[in-house]
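Asks: Sharing a structure, written as structure tokens. Questions coming.
The values are calculated or read from the model by the stated rules, or taken from the named source; none is laboratory data. Here the structure is a predicted model, which means the values were calculated and not measured. Because the Cβ atoms are built from the backbone with ideal geometry, glycine has one as well, and the counts that use them run over all protein chains shown. For the accessible areas, the whole protein counts, side chains as well, though only heavy atoms, and no ligand, DNA or RNA atoms are used. Shrake-Rupley method; radii C 1.70, N 1.55, O 1.52, S 1.80 Å.
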Amino acid sequence: MKKLMILLLALILTACTIDPKEEPVPTDPVMEEPVETPSETPPVPEEPEEEETEEEYPFILPDEFSPGSYRVEDTFPSVSFQEPLALVSDGVSDERIYVVERGGMVYLLNPKEPGSEKIPFLDLTEAVDTSGQEMGLLGLAFHPDYDEYGYLFVNYTRSGETVISRFTSSDRETVDLTSEKILLTYSQPYSNHNGGTLLFGPDGYLYISSGDGGSSGDPNNEAQNLTSYLGKILRIDVDTEDQPYLIPADNPLLHAEEEARDEIYAYGLRNPWKFSFDEGRNLLVAADVGQGEIEEIDLIVSGGNYGWNRFEGTRPYKDGAAPIDHIPPVYEYPHSEGRSITGGFTYYGDAMDSLQGAYVYGDFISGTIWALWLDEENQAENHTLLDTDLMVSSFGVDNEGELYIVDFKGRIYTLKEEE
Ligand SMILES: [Ca+2]
Ligand SMILES: [Ca+2]
């Protein structure tokens, strides 16, 4: 018996020293870390793909960026809209774009037909509160698998709060209002600065822009407050049926020591009305509307603080307040150039060769449209494309990446390169 025990013990010891897998696991502190807090990790798979693609550079930059001359052309001469604020595609059909009106209507159009009529798709006019100028139906995004599930997501204001909801289109032609699933609401202390953009990232998560809540100067210090939803880019995982949403496992404040909203992706923003993904450079680009002096463009990274309300652009904003660590804008312009930036898209369509890889954006007040070029080090070079009399409320891209300009006065434009 004793002999057998020794033999077994010898076998176990031998096994232990031979198998290299068993040796380092319990002793290596680095290996222990990921399993330290399994209960806090939501049941979503960690996605390492983002880190891997960071090393890649799928878009080949030309040696020199020199945009041509452009004019704007009315894309749909036969239709007009009431205060349009967004134009989106559903990621499925080249023949469908959707125009969002502040009052709560969404219309469907066919970009392949210049004479296309607008077809009502979603009617939220009864649900939204438009009593403030910056209130209404502000954002729309289609689920990456819209074709399969029919899910679409909206960002709208109602009395005193922002609502992020999911709706279902069972026939892909209209939306049944009873299909609403409210995911998230947060209160709005003032009528202005409600953010509004909803976009799915390349990682499949839903990104939401929220403004600082409003008034002027962020009187409640919402943007720097990590327990507030305001003045942020939020990121959630909508692929769940039994809960409103899940928190992505790599959201930056999920395991923070201090009390913080798990949904926060980035903070210190004033009113990031429009943001978009530059998929060629793997960047999240946000345009943050300024206070009294400066409009800015930010490259948003996970956990980043963009300075508001201690800084407006690169300038200190609050006299006497302690400076804070923050990420300065990649580009800014003073109010002599424009007074309310409207973020656009990095162009990867086919129609305009000389704008390939350029971030096209504009200003709601001045009507100027620019192209911002980022080199390999993300150093910005800004080019004025043209001056217009449009009230540029939004840009949009269709399913083929072609760019549209939304004029708040009711029309949709396309850029045309002069011969
Ligand atoms: Ca507000
Ligand atoms: Ca800033």
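Asks: Starting from the Cα of residue 182, step 7 Å along the direction of its Cβ; do the same at residue 148; then give the gap between the two resulting points in nm.
Replies: 3.0 nm
Asks: Could you calculate the contour length gain from residue 418 to residue 379, that is, 0.36 nm times the residue separation minus the distance between their Cα atoms, to one decimal place in nm?
Replies: Roughly 11.3 nm would be gained on extension.
Asks: Right, here's the next one. I need the per residue convex hull volume for the chain, using only the alpha carbons, in cubic angstrom as a whole number.
Replies: So the per-residue hull volume is 185 Å³.
Asks: Let's test the formula: R0 of 60 Å, r as the Cβ-Cβ distance of residue 400 and residue 322. What FRET efficiency results, to the nearest 0.05?
Replies: That pair, residue 400 with residue 322, gives E of 0.80.
Asks: Still on this structure, please answer the following. If you place +1 on the Cβ of every Lys and Arg and -1 on the Cβ of every Asp and Glu, how big does the dipole about the Cα centre of the chain come out, in debye to the nearest 20?
Replies: Taking the Cα centre of the chain as origin, the dipole is about 1280 debye.
Asks: What residues have an amide H closer than 5 Å to that of residue 186, excluding those fewer than 5 places away on the same chain, when H is modeled at 1.01 Å from N in the peptide plane?
Replies: Amide H neighbours of residue 186: 162.
Asks: Moving to a separate point now. Considering only protein heavy atoms, with the full assembly of protein chains and a 1.4 angstrom probe, order 324, 264 by accessible area, largest first.
Replies: These residues rank, largest area first, as 324, 264.
Asks: Give me the number: length gained by fully extending residue 63 to residue 239, i.e. 0.36 nm times residue separation minus the C-alpha to C-alpha distance, one decimal in nm.
Replies: Length difference between fully extended and current span is 59.2 nm.
Asks: Which ³J(HN,Hα) values in Hz, rounded to whole numbers, follow from the phi angles of the range 340-353 under the Karplus curve 6.51 cos²θ - 1.76 cosθ + 1.60, where θ = phi - 60° and Gly and Pro get x?
Replies: Rounded to whole hertz, the list is 7, 6, 10, x, x, 9, 7, 7, 10, x, 9, 6, 10, 3.
Asks: Turning to a different aspect of this structure: In the chain, how many lysine pairs have Cα atoms under 22 Å apart, counting only pairs 8 or more places apart or on different chains?
Replies: Taking the chain as the scope, the lysine pair count is 5.
Asks: Given the C-alpha centroids of the range 275-349 and the range 239-264, what is the distance between them in whole angstrom?
Replies: Each part's Cα centre sits 24 Å from the other's.
Asks: Quick query: amide H of residue 360 versus all other amide H atoms, modeled in the peptide plane; which residues come in under 5 Å with a sequence gap of 5 or more or a different chain?
Replies: Residues meeting the criterion, in which the H sits 1.01 Å from N, are 345, 346, 347, 372.
Asks: Here is a follow-up. With a ≥ b ≥ c taken as the square roots of the eigenvalues of the C-alpha gyration tensor of the range 228-283, please select rounded if a/c is under 1.5 and otherwise prolate if a/b is larger than b/c or oblate if it is not?
Replies: It comes out oblate by the Cα gyration axes.
Asks: Under a Cβ-Cβ cut-off of 13 Å, what is the net charge of the residues other than residue 194 that fall near it, where Lys and Arg count +1 and Asp and Glu count -1?
Replies: Every neighbour counted, the sum reads 0.
Asks: Any idea what Rg and Dmax come out to for the range 291-419 if you just take the C-alpha atoms, in Å?
Replies: Just the Cα atoms of the range 291-419 yield Rg and Dmax of 15.8, 54 Å.
Asks: If you don't mind, another one. Could you work out how far apart the two model spin labels at residue 387 and residue 127 are, taking each label as a point 7 Å from the Cα in the direction of the beta carbon, and quote it in nm?
Replies: Calculated label separation equals 4.2 nm.
Asks: Given a 1.4 angstrom probe, I'd like the percentage of the accessible area of the chain that is carbon and sulfur, rounded to a whole number.
Replies: Carbon plus sulfur share of accessible area: 50 percent.
Asks: At 1.4 Å probe size, with every protein chain present, just tell me what the per residue accessible area of the chain comes to in Å².
Replies: 47 Å²
Asks: Please give the helix 2-18 orientation as an angle from the longest Cα principal axis of the chain, in degrees from 0 to 90, rounded to the nearest 10.
Replies: Taking Cα atoms only, the helix is inclined about 30 degrees.
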